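For reference, the structure is listed below as structure tokens.
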Amino acid sequence: MDEHNAETPKQEQEQPEKYDLFNTAELAELYSKYQPPLDERVIEIVLSSTKGRDCLVDIGCGSGSSTRPFCSHFSKVIGVDYSPAQIDLAKSLSQEISNAEFLQGSLYELPVADSSVDCIIGVMIAQFIDLPQLFEEAKRVLKPGGVLLFHGKGSPKVVQIERESETESKTDTTISQLNERISYIKTGLFAGLFHDRTHFNPQKYSNIPPLHADQDITREEWTSSRWTTLPVLADYMLTWSAAGKYCAKHGLSSGELKEKMIEVMKGGDNGMCSVRCEADRFTWSACHVTGG
């Protein structure tokens, strides 16, 4: 499950009472279509840090995009999410995978036996959960030496703009201007609508405590890069929970919000045909130590 966080972690944040963050069929479909695939680097980190290959549990699995890549590496892969809409879509998209199971339920009462799991992975979930409670459940289900791993994503930053060779646009947007417009969508248009009260994501998970007291944790950081278009970038922004809250608050459809965000990014400049974005990626992981 994925979530973008405004880069001003001290700003006061509201919670519109009648918007369920991720339990809608529409948002499940948006996630499935527009969230980038799981970085290969995450898979490499999981495989290099886990000893066993019997069972992996993906907490906050959503539609299963971060679950299915592990099915060829583990005997059993289980995705758990509180949202029936997300689980229904995950099951629909995974019908031909025999060793994947998707279950609706609580992350704090995982449907697995004690000491039976080699790895628990959570993608963009740390900011939503009660960590002490999750840690206790992880200690119950992980094998000795089993790994709990969180993966997070930073905000996209434009580093290159490709333009139409001929355009009637009267202005040429600079990279700095486009990044300011994207920042406005997060901190202006969606002000107060992001969920994160932990500030984990803006600090790249460096402030997540260890699973066991006085334990060393492992963190890795890297940068991903891809070419995209403003409409595709807007599609990606629609997967943010703040976007859903904005639509609920203002009575807009996701299509109407998409057009609004595209216009904000364009700023009257119709000459931009594609952009190259970079974003930070990071992981936090810790091993379960028996008796820790």
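Filter the stretch 112-144 for residues that are more than 12 Å from CYS61 (Cα to Cα), in contact with a strand residue (DSSP E or B) (Cβ under 7 Å, 6 or more places away or on another chain) and at pLDDT 95 or above and give the result.
In the first step, residues of the stretch 112-144 are kept if they are more than 12 Å from CYS61 (Cα to Cα); the result is 112-119, 126-144.
Within this subset, residues satisfying the condition of being in contact with a strand residue (DSSP E or B) (Cβ under 7 Å, 6 or more places away or on another chain) are 112, 115-119, 126, 138, 141-143.
Listed by number, the residues that qualify are VAL112, SER115, SER116, VAL117, ASP118, CYS119, ALA138, VAL141, LEU142, LYS143.
Which one of the conditions (1) touching a residue at least 24 places away in the same chain (Cβ under 8 Å); (2) under 22 Å from MET124 (Cα atoms); (3) surrounded by fewer than 20 Cβ atoms within 10 Å (Cβ to Cβ) does ASN207 fail to meet, given that it meets all the rest?
Here ASN207 meets the rest and fails (1).
Check ASP214 against each of (1) at pLDDT below 90; (2) open to solvent by less than 10 Å² (accessible area, probe 1.4 Å) and name the one condition it does not meet.
(2)
Take the stretch 145-180 and flag every residue that is within 30 Å of MET272 (Cα to Cα), of a type in the set (Val, Ile, Thr) and at pLDDT 90 or above.
VAL158, VAL159, ILE161, THR173, THR174, ILE175, listed by residue number.
Any chance the stretch 223-244 includes a residue that's without any contact (Cβ under 8 Å) to a residue 40 or more places away in the chain and open to solvent by 60 Å² or more (accessible area, probe 1.4 Å)? Write out each step before concluding.
Here is the first cut: in the stretch 223-244, the residues without any contact (Cβ under 8 Å) to a residue 40 or more places away in the chain are 231, 234.
Now drop any that are not open to solvent by 60 Å² or more (accessible area, probe 1.4 Å), which leaves none.
There is no residue in the stretch 223-244 that is without any contact (Cβ under 8 Å) to a residue 40 or more places away in the chain and open to solvent by 60 Å² or more (accessible area, probe 1.4 Å).
Need the failing condition index for ARG276 against (1) in contact (Cβ under 8 Å) with a residue 24 or more places away in the chain; (2) part of a helix (DSSP H, G or I); (3) open to solvent by 20 Å² or more (accessible area, probe 1.4 Å); (4) not hydrophobic (A, V, I, L, M, F, W, C), just the number.
Unmet condition: (2).
Name the residue, out of GLU44, GLU3, GLU17, that is open to solvent by 70 Å² or more (accessible area, probe 1.4 Å) and at pLDDT below 85. Talk me through it step by step, then tell me what you get.
Working: GLU44 fails: at pLDDT below 85; GLU3 fails: open to solvent by 70 Å² or more (accessible area, probe 1.4 Å).
Being open to solvent by 70 Å² or more (accessible area, probe 1.4 Å) and at pLDDT below 85 holds for just one of GLU44, GLU3, GLU17, which is GLU17.
The values are calculated or read from the model by the stated rules, or taken from the named source; none is laboratory data. Given the structure is predicted, the values throughout are model-derived calculations rather than measurements. Positions of Cβ are generated from backbone atoms using ideal geometry, with glycine treated the same way; all protein chains shown enter the neighbour counts. Surface accessibility is based on the protein's heavy atoms, side chains included, excluding ligands, DNA and RNA. Shrake-Rupley method; radii C 1.70, N 1.55, O 1.52, S 1.80 Å.
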